[in-house]
C-alpha cells in the first residue's frame, strides 16, 4: 500500500530547496532566469479548451506510443518534465507514482514526456520503479506543438556548467532547449480539460489536483 502523504508536492519541493547549500548569488541568478522567461512570454502552453495534437513517441522500452490510441481507452494526463537529471522532476514522478492506483480506478492513463533519449527514460523508470510510460521527444517537436519550448538563459547556463551540468549532453538534440514543466489533463476526445504551465520549474501541479480534475471525466 502506498503511504499517506502529509505534505503537498510543492511543500516538499520547497523543503528540499531550502536544505540545499546554495550560495545566495546562485539562487538570485536562477530566479532572474525565471523572471526573464516570464517577461519574454515563452512556453505558455496550450490553453484549456484546445485540442491536444496527436503524436507518437518512443517509451523507455523504445516502443511507440500514440496519443490517440491511448485516448481511446479513457482520459489522459500528459506531464512534460525537464529530464532525468532534474531533482524536482524526480520528486514529481515519485509523487505521481503514489496516485497510480487512483488513476487506474478513474480509468486514466499517465504519460510523461521528456526531451531525452529512451536510455535516460530507463534510468528514471528504474530509479523509481514507475508503472507508467516515460516518452522521449528527441527532436522536441511535441514540446513545440504544445508551446512549451524555451532556451535556458545564458546566465543560468553558466550556473549549470559550474555544477557539472552540461545540458547538451542530456538533451537528445544536443541543445540548451527545454520544455516548461507542464501538466495537461485531456478528456477522452483529446480536449484539454485542465492544465498547469509555469516557467518557474520549482512549482508543479499537485497530484491531488490532477485527481480532482479527472473525476468528472470518467
What residue among 18, 95, 129 shows peak mean-square fluctuation when the chain is described by a Gaussian network model with Cα springs under 10 Å?
18
Could you work out which residue, out of 183, 151, 109, moves most in a Gaussian network model of the chain, that is, has the largest mean-square fluctuation with Cα springs under 10 Å?
151
Rg(Cα) / (2.2 N^0.38 Å) computed for the stretch 1-141, rounded to two decimals:
1.16
Counting residues in the stretch 87-218 as N, plug N into 2.2 N^0.38 Å and put the Cα Rg over that result.
1.09
Alpha carbon centre of the stretch 50-92 versus the stretch 132-170: separation in Å?
16
Rounded to the nearest 500, what is the chain's calculated 222 nm mean residue ellipticity when only DSSP H runs of at least 4 contribute -39500 (n - 2.57) each, over all residues?
-11000 deg cm²/dmol
Rough spin-label spacing in nm, given labels placed 7 Å along Cα→Cβ, for residue 63 and residue 158:
4.7
So in the chain, what percent of DSSP beta bridges are antiparallel if you round to the nearest 5?
65
Relative to the present Cα-Cα distance, how much length would full extension add between residue 200 and residue 20 at 0.36 nm per residue of separation?
63.0 nm
Residue 191 to residue 212: extension gain in nm, 0.36 nm per residue of separation minus the Cα-Cα distance?
5.9 nm
Difference of contour (0.36 nm per residue) and Cα-Cα distance, residue 28 to residue 12:
3.7 nm
Does a label point 7 Å from the Cα of residue 42, set along Cα-to-beta-carbon, have any residues of the stretch 152-174 with amide nitrogen under 11 Å, and which are they?
152-157
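No value in this document is a laboratory result; all are computed from the given coordinates. Here the structure is a predicted model, which means the values were calculated and not measured. FYI the Cβ positions are ideal-geometry reconstructions off the backbone, even for glycines, and counts take in every protein chain you see.
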